[in-house]
Amino acid sequence: MLSRSDPTYPAFPLLAFLGAIVVLIPLPWHFQAWNAGTCLFMIWTALACVNLGINSIVWNNNVINSAPVWCDISSRIIVAVAVAVPAASLCIQRRLYNIASVKTVNMTRAEKRRGIIIDLAIGGGVPVLQIVFQYIVSGHRFDIYEGIGCYVYTYNTPLAYPFSFLWPLVIAMISGCYCVLTLINFFRRRAQFNAYLTSNSSLTANRYFRLMAIASLEIVCTIPISAYGLYLNLTSGTMNPWISWEDTHFNYSKVNQFPAVIWRADTTAVISFELSRWLAPFCAFVFFAFFGFAQEARIHYRKAFLWIRSLPPFRGLFPERPLKGGVKLPNGVLEKADRRQPKHDAESLPVYSARPPRPPTFSSLSSSLAPEEMSTLSAAPYHEKIPDTPSTPSTASTASDLSYDDRALYEHHIV
């Protein structure tokens with residue numbers, strides 16, 4: 001269905017919900033590896049996709065304030081995500097820097113726990129602080145934009161820049177410094193770095209460089225976007241002086257509603273809104289491209305497929321394929337034949353062996369052999385090969401040398 005407020009509808013909600021699903025796929029094995037920064041990045045990105053996707057559906061072709069409580073929550077999520085994703089990237093860069101500059105190969109459990117606590121404080125505590133500080137410079141409750149949904153409003157005053165507008169840019173610049181230091185230490189301490197990766201089963205060189213790539217890409221995207229947003233706030237709007245708390249929060253329950261025909265007439269507003277909301281599914285799909293096709297991901301996909309195939313509704317749709325050179329045990333498990341121990345019990349069948357050929361009958365030849373030759377023949381085993389006797393007149397067969405049936409046939413030919 002086409003939308004007059006959003007020409008791309010329903011592409012955005014579909015891609016947003018799909019991004020929320022795919023970005024959470026690598027979460028289990030990163031959680032097992034104690035990658036707090038990576039887990040925070042996935043959770044915050046998925047939350048942003050779900051939030052923006054719901055808003056685009058509910059407020060498609062309308063600006064009615066139909067869910068004020070949801071808008072209070074949704075607008076605060078937008079504030080938190082604006083710094084949460086850069087903060088999660090900072091946690092990733094900080095961990096990569098600690099690995100590249102490690103002086104000892106083995107880390108104690110207390111050191112790992114301390115690192116996780118610091119990452120949670122950065123990736124979870126900083127967004128909460130941002131919500132609190134943004135409330136100080138929030139001019140009214142929220143705004144509703146047709147096709148976009150609920151959006152936070154920040155009063156454009158000098159105090160708003162250190163409390164709200166500058167945080168994403170500052171965090172991204174700190175991450176950039178960590179990235180440069182990580183590269184420097186990596187080239188200086190190659191031996192210690194390789195030793196650490198060898199001793200750490202949860203982190204491989206491939207995963208390390210993929211983490212560095214996704215964090216660096218986030219820095220490359222965040223710095224110019226945050227700088228552009230800061231430029232728009234400084235140039236496009238009126239700078240209001242900070243007078244008092246009461247002046248800033250006067251008539252705080254007001255909700256401004258903007259139809260698409262109004263806000264889409266402003267090119268700057270269109271660029272700002274579309275860029276900020278499409279960034280969430282973009283981050284989700286980029287993260288999945290880095291970690292959704294790795295070796296550990298394929299291993300977990302196979303385990304999930306085998307588990308689904310074992311469910312009763314799907315056993316007929318996905319029949320088990322026999323292993324090459326394998327046998328099926330009584331409990332239904334397929335196992336290679338060379339791993340099975342031989343069983344010698346009453347249920348096993350006897351081993352088949354070919355019976356040796358029976359020896360020829362020597363009754364017709366016995367009368368033509370000498371006694372000593374006859375004794376030699378009878379003493380030999382039945383499976384020995386009988387020496388070939390040359391065909392001479394002295395050993396030629398006669399009627400007396402043949403059996404009864406052969407004698408009749410012989411006499412018939414003589415007649």
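The values are calculated or read from the model by the stated rules, or taken from the named source; none is laboratory data. Quick caveat, the model's predicted, so the values are computed rather than measured. Glycine gets a Cβ as well: all are built from the backbone with ideal geometry, and neighbour counts include every protein chain shown. For accessibility, only protein heavy atoms count, side chains too; no ligands or nucleic acids. Shrake-Rupley method; radii C 1.70, N 1.55, O 1.52, S 1.80 Å.
Mind listing whichever residues of segment 18-36 are at pLDDT below 90 and not aromatic (F, W, Y)?
Matches in segment 18-36: I25, P26, L27, P28, H30, Q32, A33, N35, A36.
Of N65, N55, N51, which residue is open to solvent by 10 Å² or more (accessible area, probe 1.4 Å), over 30 Å from R113 (Cβ atoms) and not basic (K, R)?
After applying the criteria, what remains is N65.
Search segment 239-254 for residues that are outside any loop (DSSP other than H, G, I, E, B) and pair each with any residue that is among the hydroxyl-bearing types (S, T, Y) when their beta-carbon atoms are under 8 Å apart and the residues are at least 6 apart or on different chains.
Once the first residue is outside any loop (DSSP other than H, G, I, E, B) and sits in segment 239-254, its partners that are among the hydroxyl-bearing types (S, T, Y) give T248/S138; T248/Y155; T248/T157.
P28 versus (1) farther than 30 Å from A260 by Cβ; (2) open to solvent by less than 60 Å² (accessible area, probe 1.4 Å): which is the lone unmet condition?
(2)
Kindly list the number of the only condition in (1) more than 29 Å from the chain's Cα centre (by Cα); (2) at pLDDT 90 or above that fails for S236.
Result: S236 passes all but (2).
Looking at S272, S253, which is the one that is over 15 Å from the mean Cα position of the chain (by Cα) and exposed (fewer than 13 other Cβ atoms within 10 Å of the Cβ)?
S253
Taking interchain pairs and intrachain pairs at least six residues apart, which have beta carbon atoms under 6 angstrom, with the first residue in segment 1-28 and outside any helix (DSSP H, G or I) and among the aliphatic types (A, V, I, L, M) and the second at pLDDT below 90 and surrounded by fewer than 16 Cβ atoms within 10 Å (Cβ to Cβ)?
I25/G292
Pairs only if they're at least six apart or on different chains, beta carbon under 6 angstrom, first in segment 153-179 and without any contact (Cβ under 8 Å) to a residue 60 or more places away in the chain and within 18 Å of S244 (Cβ to Cβ), second hydrophobic (A, V, I, L, M, F, W, C) and part of a helix (DSSP H, G or I); list them, first residue then second.
T154/A160; F163/F133; F163/I136
Does W242 meet the test of being over 21 Å from T157 (Cα atoms) and of a type in the set (F, W, Y)?
Spelling it out, it is not the case that W242 is over 21 Å from T157 (Cα atoms) and of a type in the set (F, W, Y).
For residues that are aliphatic (A, V, I, L, M) and open to solvent by less than 30 Å² (accessible area, probe 1.4 Å), scanning just segment 127-148, find the one that is nearest to N55 (Cα to Cα).
The selected residue is I148.
Could you list all residues from segment 149-182 that are open to solvent by 60 Å² or more (accessible area, probe 1.4 Å) and of a type in the set (S, T, Y)?
Y153, Y178 - these are the residues of segment 149-182 that are open to solvent by 60 Å² or more (accessible area, probe 1.4 Å) and of a type in the set (S, T, Y).
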